[in-house]
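Engineer: Mind looking over this structure? Questions follow.
Every read-out reported here was derived from the displayed coordinates using simple, explicitly stated rules and does not represent laboratory data. Predicted, not measured: the structure shown is a model, and the values here were computed from it. FYI the Cβ positions are ideal-geometry reconstructions off the backbone, even for glycines, and counts take in every protein chain you see.
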Amino acid sequence: MKKITLLFIPIAAVISVAITLNGCVASQTVTAKSGTQLWGENCGRCHNSPSSSDFSGAQWEVIGTHMKLRANLTEDETNKIIAFFKSAQ
């Protein structure tokens, strides 16, 4: 029984490190993507592409905040998507 417990601790530590490193890799991937790519991957699944002129900059901010919560987007993803729509106005 003691050997199993001693073996479990290093295995748990390795798994914990792997999960942490995997999270870092995912966030680096998001960092490399443009707002256009992020919109296509996250928003385009449920929405048709609106014209950027359909909403003002302030309205895009509100929409972005709302969809951040609904679609479980990160702050970085949300900011890039909002910037994408604002830049096309």
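Engineer: Distance in nm between label sites at residue 53 and residue 34, each 7 Å beyond Cα in the beta-carbon direction?
Structural biologist: Using points 7 Å along Cα→Cβ, the separation is 2.1 nm.
Engineer: If you don't mind, there's one more thing I want to ask. Describe numerically, in nm with one decimal, the distance between label points set 7 Å from Cα along Cα→Cβ at residue 87 and at residue 46.
Structural biologist: Each label point is offset 7 Å from its Cα along the Cβ direction, giving 2.5 nm.
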